[in-house]
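Enquirer: Here you go, one structure.
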Amino acid sequence: MREPQAQSLNPAERLDWLRLIRSDNVGPITFYKLLEHFGTAGAALDALPGMARRGGRSKAFKVCPKAAAGREMDALEKAGAALIACGEADYPPLLAHIEDAPPLISVKGHRHLLAKKTIAVVGARNASINARKFAGKIAADLGGGGLLIASGLARGVDAAAHEGALATGTVAVTAGGVDVIYPKENTALYQRIVEQGVVISEIAMGTK
């Protein structure tokens, strides 16, 4: 288990973190190894092209351009979302302990909810009426017991779980960008989650 280091990034560091995780072949594990080796994301970005050449890469290594990362940051701000780094105060504490925790997550809504103990309620998209009712009751009961209910904003059981936990706290973990609503039939639910709960994603804004 990787122990996250407490930190608070300044705007330049946050931009460097975003550029690094959006660069070619850099996933969470590689990201943390680079950060450990070079000390900062900025230093890792400077070193990556040379490392790729020495590793025998035939094509030019593509580092995420500063302008592209800046556009993503601007889009997040316009959408009323924030970019939170692993180790920062608002990052989900249990998520921070897994080895491949996303270095950055986009968050829209009430981020303070992410500090709560969390349980996932997920299930079939083509769930029966009874299954949806049962999922909603489970979520409501668990939420009433102080837990944050996590689900994936999908139709069926996921949607029912979110609806059941709106009053106590729910987090929608999306497979695309934090601004992308899928399926479209859950648009109203998405808006209610943003108003009463929280939506998070590790994927770039606008990604479907």
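Enquirer: Suppose we keep only residues that are without any contact (Cβ under 8 Å) to a residue 60 or more places away in the chain and in a loop (DSSP other than H, G, I, E, B) within segment 93-124. Which one would you say is least open to solvent (accessible area, probe 1.4 Å)?
Expert: Only one residue fits best here, namely V121.
Enquirer: Determine whether A167 is open to solvent by 70 Å² or more (accessible area, probe 1.4 Å), modelled with pLDDT of 95 or more, aliphatic (A, V, I, L, M) and out of contact with any Pro (no Cβ under 6 Å at 6 or more places or on another chain).
Expert: Details: open to solvent by 70 Å² or more (accessible area, probe 1.4 Å): yes; modelled with pLDDT of 95 or more: yes; aliphatic (A, V, I, L, M): yes; out of contact with any Pro (no Cβ under 6 Å at 6 or more places or on another chain): yes.
Considered against the rule, which asks whether it is open to solvent by 70 Å² or more (accessible area, probe 1.4 Å), modelled with pLDDT of 95 or more, aliphatic (A, V, I, L, M) and out of contact with any Pro (no Cβ under 6 Å at 6 or more places or on another chain), A167 comes out as yes.
Enquirer: Regarding V171, is this residue in contact (Cβ under 8 Å) with a residue 24 or more places away in the chain, farther than 18 Å from V122 by Cα, under 12 Å from the mean Cα position of the chain (by Cα) and not in a helix (DSSP H, G or I)?
Expert: No: the conditions fail for V171.
Enquirer: Only one residue in Y182, Y190 is open to solvent by 20 Å² or more (accessible area, probe 1.4 Å) and of a type in the set (F, W, Y), so which one is that?
Expert: The unique qualifying residue is Y182.
Enquirer: Which condition does V121 not pass, out of (1) among the hydrophobic types (A, V, I, L, M, F, W, C); (2) within 27 Å of T30 (Cα to Cα); (3) modelled with pLDDT of 95 or more, if it passes all the others?
Expert: (2)
Enquirer: Of the residues A172, A160, A139, which single one is under 16 Å from K108 (Cβ atoms), in contact with a helix residue (DSSP H, G or I) (Cβ under 6 Å, 6 or more places away or on another chain) and modelled with pLDDT of 95 or more?
Expert: Residue meeting the stated conditions: A172.
Enquirer: Of all the residues that make up segment 135-164, how many are open to solvent by 70 Å² or more (accessible area, probe 1.4 Å) and in contact (Cβ under 8 Å) with a residue 24 or more places away in the chain?
Expert: 3
Enquirer: I'd like to verify a number: residues in segment 6-15 that are over 16 Å from D90 (Cβ atoms) and either open to solvent by less than 40 Å² (accessible area, probe 1.4 Å) or β-branched (V, I, T) (or both), how many?
Expert: Selection size over segment 6-15: 1.
Enquirer: Looking only at segment 77-91, which residues are within 21 Å of L20 (Cα to Cα) and open to solvent by less than 50 Å² (accessible area, probe 1.4 Å)?
Expert: A81, A82, L83, I84, A85, C86, G87, E88, Y91
Enquirer: For segment 125-147, indicate whether the set of residues that are assigned to a strand (DSSP E or B) and not polar (S, T, N, Q) is non-empty.
Expert: There is no residue in segment 125-147 that is assigned to a strand (DSSP E or B) and not polar (S, T, N, Q).
Enquirer: Here is a further query. I'd like to verify a number: residues in segment 124-140 that are closer than 30 Å to P28 by Cα and among the hydrophobic types (A, V, I, L, M, F, W, C), how many?
Expert: Of the residues in segment 124-140, the ones closer than 30 Å to P28 by Cα are 124-125.
Now restrict to residues that are among the hydrophobic types (A, V, I, L, M, F, W, C): 124.
So the answer is 1.
The values are calculated or read from the model by the stated rules, or taken from the named source; none is laboratory data. The model shown is predicted, which means the values in this text are computed figures rather than measured ones. Note that we place each Cβ from the backbone using ideal geometry, even for glycine, and neighbour counts take in every protein chain shown. Please note that ligands, DNA and RNA were not included when accessible areas were found on the heavy atoms of the full protein model with its side chains. Shrake-Rupley method; radii C 1.70, N 1.55, O 1.52, S 1.80 Å.
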